[in-house]
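Asker: Below is one structure. I have some questions about it.
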Amino acid sequence: MTLIFSERFIMNISYNWLKDYIDLDVSPFEIASILTQLGLETGNVTEVETIKGGLKGFVVGEVITNHKHPNSDHLSLTTVNVGGDEILPIVCGAPNVEAGQKVIVATVGTIIYKGEEQFTIQKSKIRGEVSMGMICAEDEIGIGSDHNGIMVLKNDAIIGTPASEFFKIQSDYVLEVDLTPNRIDSASHIGIARDLAAYFKQQKAIDCNYPAVEPFIIDNHSLTIPVTIKNPEACQRYTGITISGVKVKESPEWLKNRLKVIGLNPINNIVDITNFVLYETGQPLHAFDADDITGGKIMVGTLANGTKFQTLDGVERELDEKDLMICNEKEAMCIGGVFGGIKSGIKEITTNIFLESAYFNPVYIRKTARRHGLNTDASFRFERGADPTGTLYALKRAALLIREIAGGGFSSEIIDVVADPSILLPFSVKITYSNINRLIGKDIPKETVKRILNSLDIIIEEESVEGLRLSVPPYRVDVRHEADVIEEILRIYGYNNVESSSSVKSAIQLAVQPDKINMQNRISDFLSAGGFNEIMSNSLTKASYYDGCETFKAENTVKLFNPLSSDLNGMRQTLIFGGLESINRNSSFRNNDLRLYEFGNVYSKREQGTGSKEQGEVNPIENYHEEEHIALWMTGKKESPNWAVKEEVSTFFTLKSYLENALLLLGIDAGSCQIDTFSNDIFAEGLEYRKNKALIAQIGYVSKKLFKAQDITADVYYSDFNWTLILKLIRGLKVSYSPLPKYPEVRRDLALLLDKEVRFSTIKDLAFKTERQILRSVNIFDVYEGDKLPEGKKSYAVSYILRDEEKTLNDKQIEKVMNKLIAVYEREVGAKIR
């Protein structure tokens, strides 16, 4: 059974960058709404500027006069023309200020940013002289780090020009697009532009414009590096080119701004270009220092198991025999599609490079990335399926940018080794109009269907009255079947354009059962009103939580093929660990007084499935079990100290009251349950609630070993309800009412010294067998085991509620009942009264 986890990925998209590929006349907020309609859920839309604050309030000025401050040795009195009606008096402390200079002035009201701090320029008096602004240094403007003096501009700077205009400060918007794993085709600016173009084409003529890469002319053949693919299953296409005579330096401002706005730090022009093209096209690239390619050859394959390799982060890793490696004649240079090596990367002295653009088998990349705990931009895209037809375009695009920005010339022909030509072929899919209309729930005109398909680059190969035979481009790795194509048609047509039908009927006859959602809301309201907060933990967890666990055995954990990480490699068998992680996280923020609850599924694996023994068939689904549970956690203070109440710590009984009231809310009286004490490696001590012998709830102290493993210092109380079982139990529940009793009830307590093997259920059963008339309930309110008791013994504190429906009980009757109970306990279980 293969389990798939739907991992999502937040990608930052620059609105200005997006406009390089599609002519947009709508706001970024409208774009966010359209993308969400298209299935590319877009959250925050944030305005950003290349310089914090956008230089609002800064203006080009000219120093008219400059005199020494009468009351200071290091200050100057200046007058500055900023293009307004008034000449501004400004006190300046810079040693290089002179009359006639063109400068940048922060006018009154301007905010100056210094790191995370900020202050506002105000009209003020400095040593007795009025100052109405500030003449700025580079670091005060935010365009440099120099603070030795004010920034002096060229004489041709125009007075009164806003600094944002003078420095060409751009405002941009960043859209946070939440990508699902199947939409890797949209993990780039061109990918997003392509989807938007498909949407807008339904109303007007618009295209996604790709930057030109032709003509692509080779300068010389002075540095040819041949490529050999030794593992064609893992590397199915490899393209490359050498570029000689490059200069590694800082990138130009436009390139740095493009990267910074989406959250990337510029490194150098070569690396920045590969990152730029990655986020432009979605195709990962890698640049090698060509002089470090020993033997002048590249071989793509795997190495012996246990081979040592040091990656770019300085970590020495032990390779697996299935890790795809990019090697020279002597050694590995890079973990293919995942991470570069420390020896062959781009350095300041690099002058010759080999630029790689490849298509790797997604399964190989995913397994390698998980083995080494590496999650890079490249591995993310490769393991979900990059565009095998786009490697050559991305190579040319990056190479042209490198030659333009870093200089040099193309010193080899383009190498393009295709190990598996089938990857370049489109997918053939047949669809019928009847299935389109049936699955969408609306008759969509045939011409509309064909227009949508054309806008999605899906070519109509053949058309008949019944339907179409289509050719789907390889970059749409998620569109392989008829239903996939119909989903594409629907998302471009618009989910909101499909009207709900009043004639829709359920195809499934549900069994009579309580309203699950209503019941869940009722319990949620009750717990929230009691100060509990609802949490939602990941169903995926660390399989290692169950190592050595007796209650939830490690072999019963449902493990994932190709897990995302070692922290998410198994399905949870219990909700307790997710809650402990939440308590740990809250405690790290000094939020120690917690009441939490969660509704969630738990999963386990059985020994073997069922099937036809005669045919030798086993149904693998039978090996797996799923239940829904409710969990409660409580730790810290019950009440914080204030003028009205004293500080009070949460106890086992605090949580027990919520458990029993929640059961009562569902129609299950805790008094009608069989309640037994128990302990295991999850609960240091606790109670089990059974109904008709079925375990419906547990409550107790969490084992110290568990909460200490999460660095939790305070006691944790935990309760677990089997929600699936409870819903079955209350399916036929009938609520009956009885009048309030006319006569008072009486409570009596006994402290019983017992053998450790004696369970509370035995005490309770003996009580009701002994007294059937006036005994109403039996409850345990304390269990003690300690040094003060004989070895092998424990003490139960048990309460008894007595009431007669016909009259008020007197002391004689009560004493008679209690004496009978004591006698039975002494005779049957060897109890002693403490």
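The values are calculated or read from the model by the stated rules, or taken from the named source; none is laboratory data. Nothing here was measured: the structure is a model prediction, and the numbers come from that model. Glycine gets a Cβ as well: all are built from the backbone with ideal geometry, and neighbour counts include every protein chain shown. With ligands, DNA and RNA removed, areas are computed over all heavy atoms of the protein, side chains included. Shrake-Rupley method; radii C 1.70, N 1.55, O 1.52, S 1.80 Å.
Asker: Rounded to the nearest 0.05, what FRET efficiency do Asp811 and Asp515 give with R0 = 51 Å and r taken as the Cβ-Cβ distance? Could you check?
Answerer: Numbers: r = 49 Å, r/R0 = 0.96.
Calculated value: 0.55.
Asker: Separate question: Within the accessible area of the chain, what % is carbon and sulfur when the probe is 1.4 Å and the other protein chains stay in place?
Answerer: Taking all protein chains in place, the chain shows 48 percent carbon and sulfur surface.
Asker: Moving to a separate point now. At a Förster radius of 41 Å, what calculated FRET efficiency corresponds to the Cβ-Cβ distance of Asn209 and Asp420, to the nearest 0.05?
Answerer: Efficiency at R0 = 41 Å is approximately 0.85.
Asker: OK, next. How large is the accessible surface per residue of the range 234-294, computed with a 1.4 Å probe and reported in Å² as a whole number?
Answerer: On a per-residue basis, the range 234-294 sits at 32 Å².
Asker: Let's test the formula: R0 of 22 Å, r as the Cβ-Cβ distance of Arg731 and Asn601. What FRET efficiency results, to the nearest 0.05?
Answerer: After rounding to 0.05, the efficiency reads 0.65.
Asker: Let me ask something else about it. Please state the equivalent ellipsoid semi-axes for the range 81-211: what are the square roots of 5 times the Cα gyration tensor eigenvalues, largest first, in whole Å?
Answerer: Taking √(5λ) for each eigenvalue gives 46, 18, 14 Å, largest first.
Asker: Continuing with the same structure: Under a crude label model (7 Å from the Cα following the beta-carbon direction), how far is Glu785 from Val315 in nanometres?
Answerer: 4.3
Asker: Between Asn533 and Asn148, what is the label-to-label distance in nm when each label sits 7 Å out along the Cα-to-Cβ direction?
Answerer: It is 5.2 nm.
Asker: If each residue of separation counts as 0.36 nm, what is the full-extension length gain between Glu499 and Asp547 once their alpha-carbon separation is subtracted? Before the final figure, lay out the partial values.
Answerer: Working: separation 48, 0.36 × 48 = 17.28 nm, distance 5.20 nm.
Residue separation times 0.36 nm, minus the Cα-Cα distance, leaves 12.1 nm.
Asker: Another question, if that's okay. Radius of gyration and Dmax for the range 397-452's Cα atoms, expressed in Å?
Answerer: 22.5, 59
Asker: Another question, then. Within the range 153-195, name every residue whose backbone N is under 13 Å away from a label modeled 7 Å from Cα of Glu138 along the Cβ vector.
Answerer: Inside the label zone: 153.
Asker: Short version: what are the Cα gyration tensor semi-axes of the range 161-276, square root of 5 times each eigenvalue, largest first, in whole Å?
Answerer: 31, 26, 16
Asker: Provide the gained length on full extension for the span Ile822 to Asp85, in nm with one decimal, where the gain is 0.36 nm per separating residue minus the Cα-Cα distance.
Answerer: Values: separation 737, 0.36 × 737 = 265.32 nm, distance 10.20 nm.
Contour length minus Cα-Cα distance gives 255.1 nm.
Asker: Mean shadow of the range 648-743, computed from the convex hull of its alpha carbons, in nm²?
Answerer: Orientation-averaged projected area of the Cα hull: 8.5 nm².
Asker: Additional query: Using unit Cβ charges (K, R positive; D, E negative) and no other charged atoms, how large, in debye to the nearest 20, is the dipole of the chain about its Cα centre?
Answerer: Details: 95 positive and 114 negative charges, 582 e Å.
Value, rounded to 20: 2800 debye.
Asker: In Å³ and rounded to a whole number, note down the convex hull volume per residue for the Cα atoms of the range 149-204.
Answerer: 193
Asker: Take the residue pairs Lys693/Lys807; Lys396/Lys430; Lys605/Lys769; Lys367/Lys605; Lys605/Lys794 and return only those whose Cα atoms are more than 32 Å apart.
Answerer: Values: Lys693/Lys807 35 Å; Lys396/Lys430 34 Å; Lys605/Lys769 41 Å; Lys367/Lys605 24 Å; Lys605/Lys794 37 Å.
Long pairs (Cα-Cα over 32 Å): Lys693/Lys807; Lys396/Lys430; Lys605/Lys769; Lys605/Lys794.
Asker: To check you understand DSSP bridge types, tell me what percent of the beta bridges within the chain (both residues inside) are antiparallel, rounded to 5.
Answerer: 95
Asker: Specify the longest stretch of the chain that does not include any exposed loop site, a site being one of the chymotrypsin sites (Phe, Trp or Tyr not before Pro) with a non-H, G, I, E, B DSSP assignment and at most 16 other Cβ atoms within 10 Å. Please list the in-between numbers first.
Answerer: Details: sites that count: Phe5, Phe216, Phe561, Phe589, Trp643, Tyr737.
Between exposed loop sites, the widest span is 217-560.
Asker: Could I ask something else about it? Output the pairs from Lys52/Lys249; Lys728/Lys793; Lys516/Lys764; Lys204/Lys450 with a Cα-Cα distance over 27 Å in this structure; if there are none, say none.
Answerer: Lys728/Lys793; Lys516/Lys764
Asker: Follow-up question, since we're still on this one. Kindly report, to the nearest 10 Å², the accessible surface of Glu805 as traced by a 1.4 Å probe over protein heavy atoms only.
Answerer: 90
Asker: Translational diffusion coefficient of the range 652-805 at 37 °C, 0.692 mPa s, Stokes-Einstein with Kirkwood Rh over Cα pairs, in µm²/s as a whole number.
Answerer: 190
Asker: A further question on this structure: Hand me the GluC sites (Glu not before Pro) from the range 392-481 located in a DSSP loop with no more than 13 other Cβ atoms within 10 Å, in residue order please.
Answerer: For GluC sites (Glu not before Pro) across the range 392-481 that sit outside H, G, I, E and B with at most 13 neighbouring Cβ atoms in 10 Å, the list reads Glu413, Glu466.
Asker: Write down the accessible area per residue of the range 2-155 in Å², having rolled a 1.4 Å probe over the full set of protein chains.
Answerer: Numbers: 8040 Å² over 154 residues.
With the other protein chains kept in place, the range 2-155 gives 52 Å² per residue.
Asker: To continue, here is another question. Can you compute the helix-only [θ] at 222 nm over the chain? Use -39500 (n - 2.57) per DSSP H run of at least 4 residues, normalise by all residues, nearest 500 deg cm²/dmol.
Answerer: Taking each H run of at least 4 residues, the total per residue is -7000 deg cm²/dmol.
Asker: While we're on this one: Once a ≥ b ≥ c are taken as the square roots of the eigenvalues of the Cα gyration tensor of the range 542-698, is the result rounded (a/c under 1.5), prolate (a/b larger than b/c) or oblate (a/b not larger than b/c)? Could you put the intermediate results ahead of the total?
Answerer: Numbers: a/c = 2.86, a/b = 1.56, b/c = 1.83.
Oblate.
Asker: Please give me, ordered by residue number, the GluC sites (Glu not before Pro) of the range 253-358 that lie in loop per DSSP and have at most 13 other Cβ atoms within 10 Å.
Answerer: Answer in residue order: Glu321, Glu329, Glu348.
Asker: Moving on. Within the range 106-194, report the GluC sites (Glu not before Pro) that DSSP leaves as loop and that have at most 11 other Cβ atoms within 10 Å.
Answerer: Of the GluC sites (Glu not before Pro), the ones in loops of the range 106-194 whose Cβ has at most 11 other Cβ atoms within 10 Å are Glu116.
Asker: Same structure again: For a test of the definition: using alpha carbon positions, the gyration tensor, and the 1.5 limit on a/c, classify the range 515-566 as rounded, prolate or oblate. Before the final figure, lay out each step's value.
Answerer: Working: a/c = 2.62, a/b = 2.31, b/c = 1.13.
Prolate.
Asker: Further question: In nm, what is the difference between 0.36 nm times the number of residues separating Glu329 and Thr180 and their Cα-Cα distance? List each step's numbers first, then the result.
Answerer: On the way: separation 149, 0.36 × 149 = 53.64 nm, distance 3.98 nm.
Roughly 49.7 nm would be gained on extension.
Asker: Over the range 310-389, with a single point scatterer placed on each C-alpha, what log10 of the ratio I(q)/I(0) does the Debye formula yield at q = 0.16, 0.21 1/Å?
Answerer: The calculated log intensity ratios at q = 0.16, 0.21 Å⁻¹ are -0.61, -1.01.
Asker: Bin all alpha-carbon pair distances of the range 13-98 at 10 Å intervals from 0 and give each bin's fraction as a whole percent.
Answerer: 14, 27, 17, 12, 17, 12, 2
Asker: Given Lys638/Lys756; Lys114/Lys260; Lys637/Lys705; Lys656/Lys705; Lys19/Lys347, which pairs have Cα atoms separated by over 27 Å?
Answerer: From Lys638/Lys756; Lys114/Lys260; Lys637/Lys705; Lys656/Lys705; Lys19/Lys347, over 27 Å: Lys638/Lys756; Lys19/Lys347.
Asker: Positive end of the charge dipole of the range 233-375 (Lys, Arg +1 and Asp, Glu -1 on Cβ, about the Cα centre): tell me which of Cys334, Tyr364, Thr294 has its Cα farthest that way.
Answerer: It is Tyr364.
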